[in-house]
Amino acid sequence: MNPKSILFLCTGNSCRSQMAEGWARRLGGNDFEITSAGIESHGKNPRAIAVMAEAGVDISDQESTRVSDAMIAAADLVVTVCGHADEHCPVLPHGVRKLHWPLEDPAKATGTEEEIMTEFRRVRDEVRERVAGLLQDERG
C-alpha cells in the first residue's frame, strides 16, 4: 500500500506549514508522504526552526517552496493552515480532499522577544496536536 500524501499549504511556507511538515514527518513515520508549500515562498522563519528544535524536531533542512500543480496532483489531502492559503488554494483535482486549519501566524506576534517566542511555542504546540489528530484519523 502506498503511503498517503499530505500537503500542508500556507501563504509563504515559512512558519505554520513548516511546523506541520516537521511534526507530520516525526509522528507519521513511513505511513505518510509529507510535503509543505506556500502560495508564495518567503524562506524559513528562524524562530520557527528554533521552537521546533526545542521540541526535538529539526526542520532546518526543509525547503521553503512555492506550490506547484504537480504537488497538488500528487496529494491525497491538502491542509491549508491560514486563511490566505485557503482562499487562494489552487483548484484541487477530483479525489483530493482539503481541510482548513485557521492557525494564527506567529510571525505577526509583537512584543518582547520572549513574548514573540511564547506565541511561536503556542502555535507549535497547537500544530502538533492538530497533526497528531489528523494522522490518527487518516490511519483509520
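Put the Cα centre of the range 96-140 next to the Cα centre of the range 1-36 and the gap is 13 Å.
Note on the range 1-93: Kirkwood hydrodynamic radius from all Cα pairs is 13.1 Å, rounded to one decimal. The label-point distance for L92 and E129, in a model that sets each label 7 Å from Cα toward Cβ, rounds to 2.3 nm. Below 27 Å, Cα to Cα, which lysines can K4 reach? Residues fewer than 8 away in the same chain don't count. Those lysines meeting the cut-off are K44, K98. In terms of its alpha-carbon gyration tensor, the range 8-55 comes out oblate; a/c meets the 1.5 threshold, while b/c is at least as large as a/b. On a per residue basis, the chain carries 51 Å² of accessible surface, using protein heavy atoms and a 1.4 Å probe.
The accessible surface of the chain, taken with every protein chain in place and a 1.4 Å probe, is 48 percent carbon and sulfur. Note: the range 42-117, Cα convex hull, 118 Å³ per residue. Count the net charge of all other residues whose Cβ sits under 15 Å from the Cβ of G29, scoring Lys and Arg as +1 and Asp and Glu as -1. So the surrounding residues net to 0. When each of the peptides 58-66, 121-129, 21-29, 39-47 is scored by how many other beta carbons lie within 10 Å of its residues on average, the order from highest to lowest is 21-29, 121-129, 39-47, 58-66.
The values are calculated or read from the model by the stated rules, or taken from the named source; none is laboratory data. The shown structure was predicted, so the numbers you read here are calculated from the model rather than taken from an experiment. Cβ coordinates were reconstructed from backbone atoms using ideal geometry, including for glycine residues, and neighbour counts include every protein chain displayed. Ligands, DNA and RNA are stripped out before the accessible areas are found, and what is left, the full protein with its side chains, is counted by its heavy atoms. Shrake-Rupley method; radii C 1.70, N 1.55, O 1.52, S 1.80 Å.
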